[in-house]
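Scroll down for the structure; my scribbles are underneath it.
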Amino acid sequence: MTSSKLIVANHKMNMTSMDINQYLKKIKKEINVENVIICPTSIYIPYFLKHIFKVGIQNVFYENKGAYTGEISPRQAKSMEIDYAIVGHSERRNYFLETNQEINKKVRLCLKNNLEVILCIGETKEEKRNRKTEQVLEQELLENLEGVKEFENIIIAYEPIWAIGSKKTPTMKEIELSIRFIKQIMKKYYHVDNIPVIYGGSVSEENVQEIATIPKLDGVLVGGASIKEEFINIAKTILKVDKNEQNSTNIPKTR
């Protein structure tokens, strides 16, 4: 896994094949780099393969094969040379009533099939109001990762549910505290020091500069904005901040 900040695009159920062709022309020209991960609607995945950027799938089933009409297994995804799978997105939890136990089965099967997992966790507006953010994050991490031992192929995406698609985001301090808390939980229970944690939830070209400079943040997960032209500006901003941070760490210290 690259040490650079990650930029994950979740297209959700958007765009037609004609839209995809136009989108790809712009993306390939402007931000065709390895630390960009595009997660298109599943039927469009073949359009995105064989480029420098990585490709992810938005969801998988928790069995490798069988009579599960309409589902896609981790083994099938890997056979298509897909690199990543989003697991546990709040829309899957809310609309399809996915449980922590089902998400755990998906995580483990993805890892067994050498798919890197982007595990989404986050609190609702009510949970935030009741000051249960840390409690929710800890419970989801413990239940979603139960029995997991291969953490080098896991990325945690902190997505406060109330922020997704709402054009509202937590304060930068709130995001920083949640990122730190997630890393502390991973160290406490799983003895993992370097788990990548990215932020998602109404990321836009207006707020990405500020979000990108949050300490300990390893990237962003972009939803609605990822299908628009502003995604190019979002990605370029992240890449610029990342380059500046890497250059600053490489400056020799004087006595």
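Every number in this text was worked out from the coordinates using simple rules, so none of it is lab data. Note that the structure is predicted; figures quoted are calculated from it, not measured. Using ideal geometry, Cβ is built from the backbone for each residue, glycine included, and neighbour counts are taken over all protein chains shown.
Structure above, values below:
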{"read-out": "Under 13 Å, Cβ to Cβ, from Ile227 - net charge with Lys/Arg +1 and Asp/Glu -1", "value": "0"}
{"read-out": "Projected-area mean, the stretch 93-224, by convex hull of Cα positions, square nanometres", "value": "7.9"}
{"read-out": "Cα-centred dipole magnitude for the chain, charges only on beta-carbon of K, R (+1) and D, E (-1), debye, nearest 20", "value": "400"}
{"read-out": "Relative packing of 62-72, 45-55, which averages over residues the other C-beta atoms within 10 Å, highest first", "value": "45-55, 62-72"}
{"read-out": "Efficiency of FRET between Ile232 and Glu71 - r from beta-carbon atoms, R0 35 angstrom, step 0.05", "value": "0.60"}
{"read-out": "Backbone HN-Hα couplings from phi across the stretch 37-54 [Karplus 6.51/-1.76/1.60, Hz, Gly and Pro as x]", "value": "10, 9, 10, x, 4, 3, 5, 9, 3, x, 4, 9, 6, 6, 10, 5, 5, 8"}
{"read-out": "Asp193-Leu142 pseudo-label distance in nm [points 7 Å out on the Cα-to-Cβ vector]", "value": "2.5"}
{"read-out": "Label-to-label distance, nm, for residues given as Glu134 and Lys240 (7 Å Cα→Cβ offset)", "value": "3.6"}
{"read-out": "For Ala157, residues with placed amide H under 5 Å, excluding near neighbours", "value": "Leu119, Cys120, Ile121, Ile198"}
{"read-out": "For the stretch 116-255, size of Cβ-based charge dipole, Lys and Arg +1, Asp and Glu -1, in debye", "value": "580"}
{"read-out": "Reachable lysines from Lys29, criterion Cα separation under 26 angstrom, eight or more residues apart if same chain", "value": "Lys5, Lys12, Lys50, Lys54, Lys228, Lys236, Lys240, Lys243"}
{"read-out": "Backbone N within the stretch 155-177 under 11 Å of label point (7 Å from Tyr95 Cα along the Cβ vector)", "value": "none"}
{"read-out": "Peptides ranked, highest mean first, by Cβ atoms within 10 Å: ranges 27-33, 139-145", "value": "139-145, 27-33"}
{"read-out": "Loop-located trypsin sites (Lys or Arg not before Pro) in the stretch 164-236, at most 14 other Cβ atoms within 10 Å (DSSP)", "value": "Lys167, Lys168, Lys216"}
{"read-out": "Relative contact order %, the chain, counting alpha carbon pairs below 8 Å whose residues are six or more apart", "value": "19"}
{"read-out": "Per-peptide average of other Cβ atoms within 10 Å, ordering 11-18, 130-137 highest first", "value": "130-137, 11-18"}
{"read-out": "³J(HN,Hα) computed for each position of the stretch 124-140 - Karplus, 6.51 cos²θ - 1.76 cosθ + 1.60, integer Hz, glycine/proline x", "value": "7, 4, 5, 5, 5, 4, 8, 6, 10, 3, 5, 4, 5, 4, 5, 5, 5"}
{"read-out": "Neighbour cut-off at most 10 other Cβ (10 Å), DSSP loop, chymotrypsin sites (Phe, Trp or Tyr not before Pro), the stretch 81-132", "value": "Phe96"}
{"read-out": "Euclidean distance between Cα centres, the stretch 116-192 to the stretch 19-97, Å", "value": "22"}
{"read-out": "Hz values of 3J(HN,Hα) by residue in the stretch 147-158 - Karplus curve (6.51, -1.76, 1.60), Gly and Pro given as x", "value": "x, 7, 10, 9, 8, 5, 10, 10, 10, 9, 10, 7"}
{"read-out": "Given charges at Cβ of Lys, Arg, Asp, Glu: the chain dipole, positive-most of Ile45, Asn247, Tyr68", "value": "Asn247"}
{"read-out": "Option label - Kirkwood radius over Cα pairs in Å computed here, alternatives (i) 21.6; (ii) 18.5; (iii) 19.6", "value": "(ii)"}
